[in-house]
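The values are calculated or read from the model by the stated rules, or taken from the named source; none is laboratory data. These numbers were taken from a predicted model, which means no experiment stands behind them. Methodologically, a virtual Cβ is constructed for each residue, glycine included, from the backbone with ideal geometry; neighbour enumeration extends over all protein chains shown.
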Amino acid sequence: MSKSFVFSSESVGEGHPDKVADLISDSVLDACLEQDPTSRVACETLVKSNQVVIAGEITTAAKINYELVVRDAIRDIGYVNDDDVFHCDKVFIHNLLTRQSPDIAQGVDARGAEGKETAEQGAGDQGLMFGYACNETPEMMPTAIMFAHRLGRELTKLRKAGVVAWLRPDAKSQVSIRYENDRPIRVENVVISTQHTPNVKHAAIRDFLIENVIKKVIPGSMMDASTQFLINPTGRFVVGGPEGDSGLTGRKIIVDTYGGWGRHGGGAFSGKDPSKVDRSAAYMCRWVAKNIVASGLADICELQVAYAIGYPEPVSIWVDAMGTAKVPEAKINKAVQKVFSFKPANIIKQLDLLRPIYRSTTNYGHFGKPDLPWERTNKTKELLAAAK
């Protein structure tokens, strides 16, 4: 019997309030790492109306002008218009950053401490992280989330190039994909909501986005006459960004990962240095899962690891090929643990994470971008050899 269902994923633009907060947090992280690669950073951001609050814990030798970092991030997004309530040069910034707790530091640092079992670098917190890959798209990502990201990226490209003057930074996209026998066959509907100036007609917005964004990004073979386009379905989207809604770091974790298709451990990424396994181990799991699929050992792979705070080894590692494994899953699991090290210090070394690369992850997903180190498929031969 044919198995048919529809699955949806969303993405958000750079001017979405939560993504504004994420970019500010990642900008602070990159600024610290650029001067001091050993920086410990946990930066949270709240944005609303004309206010920005940065809070968290930072221990660094870097000398940072946090106000300048915040304003530059907002300027890069595009909140520069005279009528913006949330404007890069006019927002009020509240700095509530302090140093990292010494109790946490002693668990993470590569040094001995009373009650700590080893002198190795430990995980920055307990928790579980997932990685996922599949052979649906060239990026080895689920189709719906990749299409949603591509829509958002193209919309931002057109806005920043000034192709039309009425586009503003806040935006969201959503794509629903029909599957038959677990393969994507068709786009059922596309939703795009974009902030705009008050003087543009809804019909003009709709026509422009269908012709210059949707039809440019989504292959014609994936759409037909019944594909539905829902463009600014409320009819008006003038008030947007932090003026219209509050934004918080880490509130778009499903957008950041697999669009709801692969599981998520619950920890956010932005604003955290790689000693925090919420971030680094999630990147590690994606790297491993992608290499498994790229090697041909499975068509789909989901991988989970879990950690205890201050302890260097993961407390569990689990590989699930979801019925698509070409060799017994036990062999894949054994090969993974032979080829890769999941110790926090080794993750950082393997992926070269003590660099200011994190602003490039903030928007349109942390996975599926070819220039990021966890997207490499450079371990396939070693995995195949170890899985024999």
Quickly run through region 33-55 and pick out the residues that are in contact (Cβ under 8 Å) with a residue 40 or more places away in the chain, farther than 17 Å from Asp18 by Cβ and not hydroxyl-bearing (Ser, Thr, Tyr). Leu33, Glu34, Pro37, Arg40, Val41, Ala42, Asn50
Contacts under 6 angstrom Cβ, first residue in region 181-205 being basic (Lys, Arg), partner in a strand (DSSP E or B) and surrounded by 13 or more Cβ atoms within 10 Å (Cβ to Cβ), 6 or more apart: Arg186/Arg178
Go through the residues of region 90-108 one by one and say whether even a single one is modelled with pLDDT of 95 or more and in a loop (DSSP other than H, G, I, E, B). yes
Out of all the residues in region 319-356, which are out of contact with any Leu (no Cβ under 7 Å at 6 or more places or on another chain) and part of a loop (DSSP other than H, G, I, E, B)? Ala321, Met322, Gly323, Thr324, Pro328, Phe340, Ser341, Phe342, Lys343, Asp352, Leu353
Is it fair to say Ser9 is surrounded by 14 or more Cβ atoms within 10 Å (Cβ to Cβ), at pLDDT 95 or above, in contact with a Lys or Arg (Cβ under 9 Å, 6 or more places away or on another chain) and hydroxyl-bearing (Ser, Thr, Tyr)? no
Would you be able to say whether some residue in region 344-359 is touching a Pro at 6+ places or on another chain (Cβ under 8 Å), acidic (Asp, Glu) and assigned by TED's automatic domain parsing to the domain that holds Asn378? yes
Kindly provide the set of residues from region 279-303 that are charged (D, E, K, R), in contact (Cβ under 8 Å) with a residue 40 or more places away in the chain and either surrounded by 24 or more Cβ atoms within 10 Å (Cβ to Cβ) or in contact with a helix residue (DSSP H, G or I) (Cβ under 6 Å, 6 or more places away or on another chain) (or both), ordered by number. Arg286, Lys290
